[in-house]
Amino acid sequence: MLFNSMDFAVFLPLVFAIYWGLFQSRLKLQNLFLVAASYFFYGWWDVRFLSLIVASSLIDYAIGIGLSSTDSTFKRKALLFASIGVNLGLLGVFKYFDFFSTSFADAYQLFGHAIDPLRLNLVLPIGISFYTFQTLSYSIDVYKKNLEPCKDIVAFLGFVSFFPQLVAGPIERATNLLPQFYQSRSFNYSKAIDGLKQILWGLFKKIVIADNCALFVNDVFSNNEALAGSTLLLGAIFFAFQIYGDFSGYSDIAIGTSRLFGFQLNKNFAFPYFSRDMAEFWRRWHISLSTWFRDYLYIPLGGSRGSLWFKIRNTAIIFLVSGFWHGANWTFIIWGLLNALYFLPLLLRKRNRANLDDVAQGRLFPKFEELLKIMGTFGLTVIAWVFFRAESVSHAIAYLDGICSFSIFYFPENVPLNLILFLIVFIALEWLGRSNEYAIQRMKINTALPMRWAVYLGITICIFSNINNSQDFIYFQF
Amino acid sequence: MKRFISRVSLFAILLFSVSLVLCEIEFSDEFIVKKTANTSYHKVLWNLDIINNHPEKIEGSVLFFGSSLVLNGINDSLLTQKGLKSYNFGINHSGNEINLYFLNRLQHLKPKAVVFLKRKTKREGLHKLTPLLFTPSKLLDAGQKPSLFFIQFLFKRLKLAVEFLTQFSDTEALQISAKKHTDFGIMSSDKEVGSDFFHSEATAQKIKQFDELISLNSNQYSFLAEKEHPQFLTPLKVKLRKLRVDYWEFFDLATNSGAQEKFIRAAQQICEHNNIPHSKLYIPVLSDTRKVKGYQRSYFQAAPTDNEVICLSDFSKFDHPQYWWDFSHLTYKGAALLAEELVQSDFAVKFDLNQQSKEEALAFRKPLPKLKNQEKESNINR
């Protein structure tokens, strides 16, 4: 069920009421109930895929137990590779088989022979890219002895299937989430209110910003040949806000929902469009995925140690894999490589850690230089997002070609002015709250309660009034 | 936990109150037209235009209200030509509350009479335009109950209210809509169903099913076919229908039929208050043209309580594909035939169609294009 649906609006209060009403401070029952609720949540999409997530969970649970019961390096490696094989194998079969098969057939055609590619045409189980990475991180951490293997099957199933973050992240580390299933949880008023506020903000980003941008973006991308460059540019910019609103909105709803149940998930977005360079952008965008790749792929490959070509290779691999993770399409791969191209100059000049603090910290407005850097970085991401959104590489190239034409100086067509108003308000709130976990977490308003509630009411009304434009979450396709 | 629940409840109450206040904002006609401009309901512009800018046309005219059956079936230009100055206020998929809305807007303009569409079955739910045209208080006042339909209405009204408050002026929509309309309200099609479709076995079956569906007599609770060929579930179905009819107010929460009936009564009360004669007109559907063997109600028969319904006694003349473009909508030719039949029937007597009326009607008539040309010009989206 979607977070922005009536089904979830009924599901969440019901689960919340039963969880705290019946199982307050009763750990085992709380965990058991969460597992049941999570499987119900997942099964609501498609009950057939429940068996897949259960099987994947049981295999990694058994591997974790196996890793703790042997000190043999060979056996431990074998178990680790078994976990990697199962998880990546699942991903490979469901997500990438048809892509590789078709690409192979296309490549073979270059030699003058046409072959019919074998296609499995399997439906992609929702959330598979997220929970396989989550269980992989568990197996790797247990192998490295960074984490004690979980002996409580219910806690482990709860860790894998925890419904707020199951289908689109954040990709939680076992070191963070699993121990929370071992601790008794009591209702905390502040955390619950904080959770509700974060859910509200997430819904605003998703329903008001992302879904409204999507209406314009879909029109522009499907008619790009007939539109002026200025309209195409606006479409690309709106897509940048669509994907940010969509994905970070989902993460906010996931984190906020977890707070309602006494869990603390990791931050997944930290106002990435205020970044001053691409390295900072990648420290602030989809943090759970980028840190996963850093810890489990980049560092084991050698990281940024070694020769120049070694650094370039490792960086390119990370971004390539990251692009590939998003989908089995050449557009995602090129998106990843573009970001690698953006990142490499900073890495090679050792300026990839130049901006570790928040922009304009302690100041209301950025300096002119900072503003230029922010806009420059945003511009680079917008170009890359065109590949992310386009249906094919040729479509993306045609789109960019359309932007880079004289018609970029024309007045954009069919501009939704009320959406621009929402975006201005949105960017202002994000800017003012950039030092928080989410924009409205601690609003510095002179008049305390009435003014804050007026803002919350305004946000809620905006959400209700835009709810009919509902679109699927973009990251569900991954 | 208590503090959490009380805070959340307080927020919910505040939210509901503020939303209600926002929903009470009246929308401008410009906004209403802009929202309906490129939809099936763009006729709203014509209706509002005649009320706001040509009130003299309404005075002394017979106004027809109803759904697409009226929109397609009542040729007001022909009726005017024949001496009955008329205007077609039909709106696609009309609910009784939509009739009530327009009647409310023009009640002071002294129309000669008002004719509502008589349907075979009760109207249910709410029309899609209702959140655009009604505030919550006006809808409740008209007879709507605070049901799930009303809650759904509130959500849509709130969305429209926010859009209304944050909108920027858009005259292009008005200009596009204005081009579509003629001096009269009829918007019928010249597209015919085709002879193959009309005489096919599949069509006959569909007509039979359609007629079965609407032949339900609430006093009997069962379909005619069920009485002739009962199945083992038939007694249960009949009992459930009896339950539904007997406790219609309870089930009304699921159908909103009761509210729809109240909208009709509210419209009648407006007419009575303003001394506007009113009646109902039955417009045939395809199944009325054929006497299906074994069915008593193959065409409309006025029940004793329906003595204010105007209905032709014989629809067999309509039994030709040129008059229909689907199972229930007349083509331009069909509407022309209906106009002819009405003028020769009790309808003319009811509205005192005489020589003086003809002359008065002709004085308002603008030169009408020929029948074939007008079919193309008035071929407007249904």
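The values are calculated or read from the model by the stated rules, or taken from the named source; none is laboratory data. On a predicted model such as this, the values are computed, not experimentally measured, just so you know. Heads up, the Cβs are rebuilt from the backbone with ideal geometry, glycines too, and the neighbour counts pull from every protein chain shown. We work out accessible area using only protein heavy atoms, side chains counted, and drop any ligands, DNA or RNA first. Shrake-Rupley method; radii C 1.70, N 1.55, O 1.52, S 1.80 Å.
Structure summary
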read-out: B:GLU30 away from chain A (no Cβ under 14 Å), closer than 18 Å to B:GLN167 by Cβ, in a loop (DSSP other than H, G, I, E, B) and open to solvent by 10 Å² or more (accessible area, probe 1.4 Å); value: no
read-out: Output for the stretch A:305-360, where each listed residue is more than 21 Å from A:TRP385 (Cβ to Cβ), open to solvent by less than 20 Å² (accessible area, probe 1.4 Å) and assigned to a loop (DSSP other than H, G, I, E, B); value: A:ALA360
read-out: Residue selected from the stretch A:285-302 under the condition in contact with a Phe, Trp or Tyr (Cβ under 9 Å, 6 or more places away or on another chain) and without any contact (Cβ under 8 Å) to a residue 40 or more places away in the chain, by the criterion most open to solvent (accessible area, probe 1.4 Å); value: A:LEU301
read-out: Looking only at the stretch A:208-227, and only at residues there that are touching a residue at least 60 places away in the same chain (Cβ under 8 Å) and either among the basic types (Lys, Arg) or open to solvent by less than 10 Å² (accessible area, probe 1.4 Å) (or both), the one that is nearest to B:GLU163 (Cα to Cα); value: A:VAL208
read-out: Failed criterion for B:VAL62 (all others in (1) touching a strand residue (DSSP E or B) at 6+ places or on another chain (Cβ under 7 Å); (2) within 30 Å of A:ILE193 (Cβ to Cβ); (3) among the aliphatic types (A, V, I, L, M) hold); value: (2)
read-out: Tabulated pairs, the stretch B:1-15, first under 27 Å from A:SER25 (Cβ atoms), second at pLDDT below 95 and of a type outside the set (Gly, Ala, Ser), C-beta under 6 angstrom, 6+ apart or interchain; value: B:MET1/A:PHE187; B:ARG3/A:TYR189; B:PHE4/A:TYR189
read-out: Checklist (1) assigned to a helix (DSSP H, G or I); (2) open to solvent by less than 50 Å² (accessible area, probe 1.4 Å); (3) away from chain A (no Cβ under 11 Å) applied to B:LYS35, failing item; value: (2)
read-out: Residue identified as of a type in the set (Gly, Ala, Ser) and within 14 Å of chain A (Cβ to nearest Cβ) among B:ALA142, B:ALA161, B:ALA113; value: B:ALA161
read-out: Residue check for B:LEU20: surrounded by 12 or more Cβ atoms within 10 Å (Cβ to Cβ), under 30 Å from A:LEU22 (Cα atoms) and either of a type in the set (S, T, N, Q) or out of contact with any Phe, Trp or Tyr (no Cβ under 7 Å at 6 or more places or on another chain) (or both); value: no
read-out: Verdict on A:ARG76 being closer than 30 Å to A:TRP44 by Cβ, over 22 Å from the mean Cα position of the chain (by Cα) and either modelled with pLDDT under 90 or surrounded by 13 or more Cβ atoms within 10 Å (Cβ to Cβ) (or both); value: no
read-out: Matching residues in the stretch A:412-461 - criterion: being acidic (Asp, Glu) and either in a loop (DSSP other than H, G, I, E, B) or closer than 16 Å to B:THR166 by Cβ (or both); value: A:GLU413, A:GLU437
read-out: Residue match in the stretch B:45-55 (condition: more than 14 Å from every other protein chain (Cβ to nearest Cβ), of a type in the set (D, E, K, R) and more than 16 Å from B:ASN92 (Cα to Cα)); value: yes
read-out: Per-region count, the stretch B:45-79, residues assigned to a helix (DSSP H, G or I) and open to solvent by less than 10 Å² (accessible area, probe 1.4 Å); value: 11
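Rundown of residues vs (1) modelled with pLDDT under 90; (2) of a type in the set (D, E, K, R), yes/no style:
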{"site": "A:ARG349", "(1), (2)": "yes, yes"}
{"site": "A:ALA354", "(1), (2)": "yes, no"}
{"site": "A:VAL359", "(1), (2)": "yes, no"}
{"site": "A:GLY362", "(1), (2)": "yes, no"}
{"site": "A:PHE368", "(1), (2)": "no, no"}
{"site": "A:LEU372", "(1), (2)": "no, no"}
{"site": "A:PHE378", "(1), (2)": "no, no"}
